[in-house]
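A short write-up of the structure that comes next.
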Amino acid sequence: AKAAGRSTFRLYDPAMDAAVAERHGLELDLRLGLERGEFALHYQPIVTAAERRVVCREALVRWHHPTRGLVPPASFIPLAEETGLIDRLGAWILRRACRDAAAWPDGTRVAVNVSAAQVRHGPLIAAVQGALRESGLRPDRLEIEITESLPIEGEAADLLMALRRLGVRIALDDFGTGYSSLSYLRRFPFDTIKIDRSFIADIADPGTAAIVRAVVGIGAQLGATITAEGIETEDQLAAAQREGCTEVQGYLFGKPVPLEA
Ligand code: C2E
Ligand code: CA
Ligand code: CA
Ligand code: CA
């Protein structure tokens, strides 16, 4: 570190010390939180664009921290990934989501987000199989959402294929935000493509609408369901429907809420 010269001063930056301590504290809390059962799932409906009939609910994890309050996933999922705690947290999420969905009288699907880290080195297959067996949920009622941050090659591709052979559906989340969205579609037969909400926010723009229309066309050719994410207004719904999206999700139809609500 000495050889790094001036930059070593950063090692003694009190703000940096504070950040490291904060991170360490959060990691310890994460472990404790898992043991104490501080995590909960909220559910957001996904509805048909035409009749607004609920066909699926996406599980979104929340952390009820004793002093920090309600911590959003963006503040702890990355740390859970880096520390490997995502495997335990992810297994809990799968178990809870499948158990919850098995009790839904309407037979709708449940969508569960899975990190690239879980697919890369986690015991994901065993967790999915365990959750399905334990809950008795029909495999085709479970949809696993992955993002383009996962390179689909080698083991990851084998694992996704193995999941699909279990009868589980695979969705590509946040479509259009990665660097190689189209080649991604070529590598794996996704059941659902979720168009990122940044496109929906901008769908009044004719160029953006044209891109959405093209994605819908490609998705249809591939036999995938196209879901538009982040619909907040009637105008956005009308546009998404006009461009051919079959399923829609967003605050217009409901925010993520605890199951009781
Ligand atoms: P995501 O999978 O893309 O989830 C959608 C996010 O957009 C959610 O934020 C949701 O509350 C929000 N959202 C839904 N509709 C609207 C809308 O109409 N307008 C706006 N502005 N936002 C909307 P949330 O719950 O904070 O989750 C953020 C991200 O954290 C998720 O993005 C996902 O990547 C990750 N995440 C959440 N739950 C889990 C989980 O159980 N496991 C893993 N691995 N990641 C999760
Ligand atoms: Ca998602
Ligand atoms: Ca998304
Ligand atoms: Ca996202």
> If the Cβ limit is 8 Å and pairs must be 6+ apart or interchain, which residue in the range 235-255 that is assigned to a strand (DSSP E or B) and modelled with pLDDT under 95 pairs with which residue that is surrounded by fewer than 16 Cβ atoms within 10 Å (Cβ to Cβ) and of a type in the set (Gly, Ala, Ser)?
Replying inline: none
>> Against the conditions (1) out of contact with any strand residue (DSSP E or B) (no Cβ under 8 Å at 6 or more places or on another chain); (2) of a type in the set (Lys, Arg); (3) within 16 Å of ligand 4 (Cβ to nearest atom), where does residue 255 fall short? Just the number, please.
In response: (1)
> Before we move on, is residue 145 under 20 Å from residue 93 (Cα atoms), of a type outside the set (A, V, I, L, M, F, W, C) and within 16 Å of ligand 4 (Cβ to nearest atom)?
Replying inline: yes
>> I'd like to know if the range 84-94 contains one or more residues that are under 22 Å from residue 261 (Cβ atoms), assigned to a helix (DSSP H, G or I) and more than 16 Å from ligand 2 (Cβ to nearest atom).
In response: yes
> Before we move on, is residue 25 surrounded by fewer than 10 Cβ atoms within 10 Å (Cβ to Cβ), away from ligand 4 (no atom under 16 Å from the Cβ) and not charged (D, E, K, R)?
Replying inline: no
>> Looking at 261, 240 in this structure, which one is crowded, with 19+ Cβ neighbours inside 10 Å and over 19 Å from residue 190 (Cα atoms)?
In response: 240
> Pick from 138, 165, 169, 213: which is more than 16 Å from ligand 4 (Cβ to nearest atom) and touching a residue at least 40 places away in the same chain (Cβ under 8 Å)?
Replying inline: 169
> Applying the selection to the range 153-181, what residues are at positive phi and either more than 16 Å from ligand 2 (Cβ to nearest atom) or of a type in the set (Phe, Trp, Tyr) (or both)?
Replying inline: 154, 167
> What residue, among those in the range 51-73 that are at pLDDT 95 or above and not in a strand (DSSP E or B), is farthest from residue 108 (Cα to Cα)?
Replying inline: 73
> Which is away from ligand 4 (no atom under 16 Å from the Cβ), in contact with a His (Cβ under 6 Å, 6 or more places away or on another chain), among the β-branched types (Val, Ile, Thr) and closer than 21 Å to residue 260 by Cβ, of 110, 71?
Replying inline: 71
> Would you pick out the residues in the range 116-152 that are out of contact with any strand residue (DSSP E or B) (no Cβ under 8 Å at 6 or more places or on another chain) and within 16 Å of ligand 3 (Cβ to nearest atom)?
Replying inline: 149, 150
> Among (1) surrounded by fewer than 19 Cβ atoms within 10 Å (Cβ to Cβ); (2) within 19 Å of the chain's Cα centre (by Cα); (3) within 15 Å of ligand 1 (Cβ to nearest atom), where does residue 179 come up short?
Replying inline: (3)
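Considering every residue within the range 13-22, establish whether at least one is buried (at least 18 other Cβ atoms within 10 Å of the Cβ) and over 14 Å from the mean Cα position of the chain (by Cα).
No; the residues of the range 13-22 include none that is buried (at least 18 other Cβ atoms within 10 Å of the Cβ) and over 14 Å from the mean Cα position of the chain (by Cα).
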> Do we have residue 207 as surrounded by 18 or more Cβ atoms within 10 Å (Cβ to Cβ) and either within 16 Å of ligand 4 (Cβ to nearest atom) or part of a helix (DSSP H, G or I) (or both) here?
Replying inline: no
> Among 153, 232, 148, which is the only one that is surrounded by fewer than 16 Cβ atoms within 10 Å (Cβ to Cβ) and in contact with a Phe, Trp or Tyr (Cβ under 7 Å, 6 or more places away or on another chain)?
Replying inline: 232
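The values are calculated or read from the model by the stated rules, or taken from the named source; none is laboratory data. Just so we're clear, the structure is a prediction, and the values are computed from it rather than from any experiment. Don't worry about glycine lacking a Cβ; one is built from the backbone with ideal geometry, like all the others, and counts go over all protein chains shown.
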